[in-house]
Amino acid sequence: MTAISRSGSGRTGVATLICGALAAGGLAAAGVATLEPGEAAASSHREAPLISGTPAYDNTDVYAFVSPDKPDTTTIVANWTPFEEPAGGPNFFPFAEDAQYDIRIDNNGDAQGELVFRYTFKTHVKNKKTFLYNTGAVESLKDPDLNVTQTYDLELIKLRKEKVVHTTKLADDVPVAPSNVGKASMPDYAKLRSQAVYKLSNGSQTFAGQADDPFFLDLRVFDLLYGGNLSEVGNDTLKGYNVNSIALQVPTDLIAESEHQPIVGIWSTTQRRNAQGYHSQVSRLGSPLVNEVVNPIKDKDKFNASVPKDDGQFLKNVTNPELPKLIEAIYKIKAPAEPRNDLVDVFLKGVKGLNQPPHVTPSEQLRLNTSIKPTASPKRLGVLDGDNAGFPNGRRLTDDVIDASLQVVEGELLGAKNDLGDAVDKNDKQFEKAFPYVALPTEGSRGPLAKGVSTGNDVRNQLGDALQPAGTTTGTDTTLIATSAGAGAAGILLIGGGLMWWRRMSGGGGGRRAYRGR
């Protein structure tokens, strides 16, 4: 494959100017009409009118990569429920019980799934006479003080021409890691996370639970493009928000067609049960940013309900994209000539010689060449910076998809060299080095302590003694329970009270960056 090399030196004032504003102008103009005041769209966070009203069914991001510590396996992370405020009790953020959460695999490039990993959830409540999520400090997933819990079943569905040919139950009643209520309620949340990692008999691992949102970018474009004078830039506006995460690590030979055809296409969907009892698809996500920036408002809900084999209906959105025209109008940077076949290759077919399957049918999927081994030192721009183990060859948690996508959209692969970005180059929290890799969720009790309270203060309550599920004790006075619950609620309320685009200049430029096929 022809190498595409570039130098990071010689950044001009104009290039620097549009670093963050590029993301700003395109994202804002393409997506602002779907948003409510003060809200934002990131990857697929509230990207379409219908799904924005039902966050529990809303895919936010999909990640797929060869596992760095187990290179014979592939890890897929799919997230739902955008903008989870950590202190958002008392119900917090369960997975929906009337939904099918699917991870779908196309392993031959025909734009039809051959494998579906399906997660379905159930909610369990120990004591329905209290409003509390937990009635005391939670030490384990089996702790009686964890009042509201969830479990899930995992099925592997094999398809041929989109028809089910075989279904296997891989796991049954696996516990979900709870929402991270706070330090007093869950003093060792990492322990709860580890208990929610479930190993399957075929060498796979699965996890479901709350996690820090791994997507990082500056989103404050909706306040007149960074405050109207570019004063609001360079901060990760997803910092502090959580998501509901499903992570699955499987032996690569389980999902790849063969050793000679190791490229898989991956996307996630949500199906919601309707009034007639049937499930219909309401959300879909493969590569990041497609439904936000590529599809216009008229196509967003249609895309969420569609399947990859029908993606020809959205082709013009890719070959004649709106975003470069907006950039040209606002910043006078000439848009690349259309039709944009370079974008078709990158986002609909995969890059030839890297992650494009033979005889590929163009469709929107996150494509991963599972034969490319992980690197010890990942580069945030992935393939654009010579790191073929990264985006758009799959997507790692550390990949800066905003910067990489903006540079490609503005013609990087057509010879229009640029160093565009939003000046947010990494996540606010460190990712884990082992499965499920996502960072621990931000706790609901973050922030300063109340005035006069020392850091060593043990803020545990005694609700667990009074609020017992029916049948666990005898002779309990219901009046005492109600009184204790009220007092405990007041105590909890008292205890709980309480994004630039300027790219940092490096001393001699960014060095050489190359795109090399294998």
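Largest accessible area first, the residues Phe95, Phe83 order themselves as Phe83, Phe95 under a 1.4 Å probe with ligands, DNA and RNA left out. Note on Asp188/Glu97: beta-carbon distance plugged into 1/(1 + (r/R0)^6) with R0 of 45 Å gives a FRET efficiency of 0.95. The trypsin sites (Lys or Arg not before Pro) found in the range 319-364 that occupy coil by DSSP, while having at most 13 further C-beta atoms within 10 Å, are Lys332, Lys334, Lys352.
The length gained by stretching the chain between Glu85 and Arg160 to full extension, at 0.36 nm per residue less their Cα-Cα distance, is 22.9 nm.
In this rough spin-label picture, where each label sits 7 Å from Cα along the Cβ direction, the Asp253-Gln195 distance is 3.6 nm. Placing unit charges on each Cβ (+1 for Lys and Arg, -1 for Asp and Glu) gives the range 50-190 a dipole about its Cα centre, and among Gln150, Val116, Ala56 the Cα reaching farthest toward its positive end belongs to Gln150.
With all protein chains kept in place, the per residue accessible area of the range 308-456 amounts to 43 square angstrom at a probe of 1.4 angstrom. Full extension of the chain between Ala305 and Lys332 gives 6.1 nm of extra length, using 0.36 nm per residue less the Cα-Cα distance. With 31 Å as the limit, the listed pairs Lys325/Lys433; Lys349/Lys426; Lys122/Lys199; Lys163/Lys373; Lys316/Lys373 have Lys325/Lys433; Lys163/Lys373; Lys316/Lys373 beyond it between alpha carbons.
Just to confirm my numbers, what's the Cα centroid distance between the range 313-333 and the range 166-221 in Å? Distance between centres, Cα-based: 38 Å.
The H on the amide N of Ala177, modeled in the peptide plane, is under 5 Å from the matching H of Ala208, Gly209, Gln210, each at least 5 residues off or on a different chain. Once backbone amide H atoms are built at 1.01 Å from N, Tyr241 has Asp213 as its partners under 5 Å, excluding neighbours fewer than 5 places away on the same chain. How large, in percent, is the carbon and sulfur part of the accessible surface of the range 298-400 at a probe radius of 1.4 Å? Of all accessible area on the range 298-400, carbon and sulfur atoms account for 56 percent.
Solvent-accessible surface of the range 164-207, averaged per residue with a 1.4 angstrom probe and all protein chains in place: 46 square angstrom.
The distance separating the Cα centre of the range 352-390 from that of the range 426-450 comes to 28 Å. When peptides 116-125, 415-424 are ranked by their average number of other Cβ atoms within 10 Å per residue, the highest-first order is 415-424, 116-125. Listed values for the range 90-98 are Karplus-derived 3J(HN,Hα) couplings in whole Hz (6.51 cos²θ - 1.76 cosθ + 1.60, θ = phi - 60°), namely x, 8, 6, 9, x, 5, 6, 7, 9, and x replaces Gly and Pro. Phi-derived couplings, Karplus 6.51 cos²θ - 1.76 cosθ + 1.60 at θ = phi - 60°, listed residue by residue for the range 54-68: 9, x, 5, 9, 8, 5, 9, 7, 10, 10, 8, 7, 5, 4, x Hz, with x used for Gly and Pro.
In summary, the lysines within cross-link reach of Lys417, defined as a Cα separation below 17 angstrom excluding same-chain residues under 8 places away, comprise Lys332, Lys334.
Averaged over residues, the count of other Cβ atoms within 10 Å places the peptides 188-198, 385-395 in the sequence 385-395, 188-198, highest first. Computed from backbone phi with θ = phi - 60° and the Karplus coefficients 6.51, -1.76 and 1.60, the 3J(HN,Hα) list for the range 78-83 is 10, 10, 9, 6, x, 6 Hz; x is used for glycine and proline. Taking amide H as placed 1.01 Å from N in the peptide plane, Ala137 has its amide H under 5 Å from the amide H of Asn461, each at least 5 places away in sequence or on another chain.
The values are calculated or read from the model by the stated rules, or taken from the named source; none is laboratory data. Note that this is a predicted model, so its numbers are computed, not measured. Positions of Cβ are generated from backbone atoms using ideal geometry, with glycine treated the same way; all protein chains shown enter the neighbour counts. Side chains are part of the model used for accessible areas, which takes the heavy atoms of the whole protein and leaves out ligands, DNA and RNA. Shrake-Rupley method; radii C 1.70, N 1.55, O 1.52, S 1.80 Å.
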